[in-house]
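Shown next, in structure tokens, is the structure this report addresses.
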Amino acid sequence: MERLKTQDVNELIELLDEINANIIQRLQRESITDFSRSRLESELETVRQLMTEQLDDQVIPTLNRQLTELGQYEARFEVRSLENVAEADYQLPADTQIRAAVFDEPLQARGPANGKLLEPFMREWQEGAANRVSQTIRAGYAQGQTTQEIVRSIRDTAMVPNTQNLKAIARTALQHAANEARQATWNANRDIVKKYRWVSTLDSRTTSQCQALDGQEYEFGEGPMPPAHIGCRSTTVAVLDDDLQFLDGDGTRRDRDPETGQVGEVGAQTTYYGWLKRQPAKTQDSIIGPARGRLLRNGGLTTERFRELQLDRNFEPATLDQMRELEPAAFERANL
């Protein structure tokens, strides 16, 4: 999934680079410093319109295509996966259902994306990208910069952030598409798929929210869904009917050694904090902080109880003071 994201993002960045080159070429035709104020505002509006139209014609449709293709692939992949587990007449959602799941279900990512549908989420980036370029031009003009100085400033303070933001937004949107398509497939096969389990990445880059959600099971429509934040790598897997639970016995999942970067495997039932507890103390402290590290090692808490303390009722990270109120004895044992 991460390799696919990188491939799709690179395709989008190539398109954005072409658009940026067109904008720079236009600006270099004349001396912006010599513009009158009205001429400047007219040029800014032209640049904004040109950039918006090209993003609308190239980047947004390409991302929509990527999201649609990924959603359709994920639904088919999930059906094949279920067929490999247990024989049954599984239902594949229609393409219209998959598209609706991808584009009509709101993102749950923390921050400004929370509750937004994919289209306004992407449109907001598009508008921000165009505004950042025009604002940089206006600021350079006000400071008396030459055209070449303004162009350098655009590259550094507008186009670089626009590129980084596009990477983050595209990765988040692709993760959303994969999870929603998978959920649409499970909804069509509720006689076998009863719940879903949150699966976070076992490495040092996983956020505190995803650390605590890892391994948790939820009824459909009652729990959080990835992406939990911009750039989230978490996913979900099906929890099957009780009669099929024995199939989980020999499963494995990937992990990455925080020190060496080497990828290995651990048991499928290993949760993030169970994995973290096996790491050296310095690694624990670097990932969750010294206080939480000491609490994990010396607080006498099970990994499950430690996990429960990490998030509040809204699945937001809890503070140390909030955790202390719930488990004062554990803090005393850890000498915190």
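A short reminder: the numbers here are calculations on the coordinates, not readings from a lab. Fair warning: this is a prediction, and the values are worked out from it, not measured in the lab. Cβ placement follows ideal geometry from the backbone for every residue including glycine, while neighbour counts extend to all protein chains displayed.
Can you tell me the mean projection area, over all orientations, of the convex hull of segment 1-88's alpha carbons? Units nm², please.
Numbers: hull surface 30.3 nm².
That works out to 7.6 nm².
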Exercise. So, by mean Cβ neighbours within 10 angstrom, what's the order for 128-134, 29-35 with the highest one leading?
Worked result: 128-134, 29-35
Problem set entry | For a label point 7 Å along the Cα-to-beta-carbon line of residue 77, residues of segment 3-27 with backbone N under 11 Å | 3-5
Seminar exercise, completed: Sorted by chain and then number, the residues having a modelled amide H within less than 5 Å of the amide H of residue 228, at least 5 places away or on another chain, are 234
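What order do you get for 73, 141 when you list them from fewest to most C-beta neighbours inside 10 Å? Numbers along the way, then the final one.
Values: 73 15, 141 18.
Fewest-to-most Cβ neighbours within 10 Å comes out as 73, 141.
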For this session: Give the long-range amide H neighbours of residue 195: residues separated by 5 or more places, or on another chain, with amide H under 5 Å away, using H modelled in the peptide plane at 1.01 Å from N.
Result: 239
For this session: Output the DSSP H helices from the chain with an along-axis C-alpha extent of no less than 20 Å and a mean Kyte-Doolittle hydropathy no less than -1.0.
Result: 2-27, 60-85, 118-142, 160-187
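By counting other Cβ atoms within 10 Å of each Cβ, how are 205, 138 ranked from fewest to most?
Details: 205 11, 138 14.
Arranged by neighbour count, lowest to highest, 205, 138 become 205, 138.
May I ask you to sort 117, 166 by Cβ crowding, counting other Cβ atoms within 10 Å and putting the fewest first? All intermediate terms of the calculation are to be shown ahead of the outcome.
On the way: 117 15, 166 22.
Taking fewest neighbouring Cβ atoms as first place, the list is 117, 166.
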For this session: Identify all lysines with a Cα-Cα distance to residue 167 below 21 Å; exclude those on the same chain that are fewer than 8 residues away in sequence.
Result: 5, 116
Problem set entry | Point-to-point label distance, residue 56-residue 291, nm (Cα→Cβ direction, 7 Å offset) | 5.0 nm
Exercise. What would the Debye formula give as log10 I(q)/I(0) at q = 0.13, 0.18, 0.19 Å⁻¹ for the alpha-carbon point model of segment 2-187, no solvent?
Worked result: -0.72, -1.10, -1.17
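Calculate the all-directions average of the projected area of the chain's alpha-carbon convex hull, and give it in nm². Working shown, then result.
Working: hull surface 82.4 nm².
Result: 20.6 nm².
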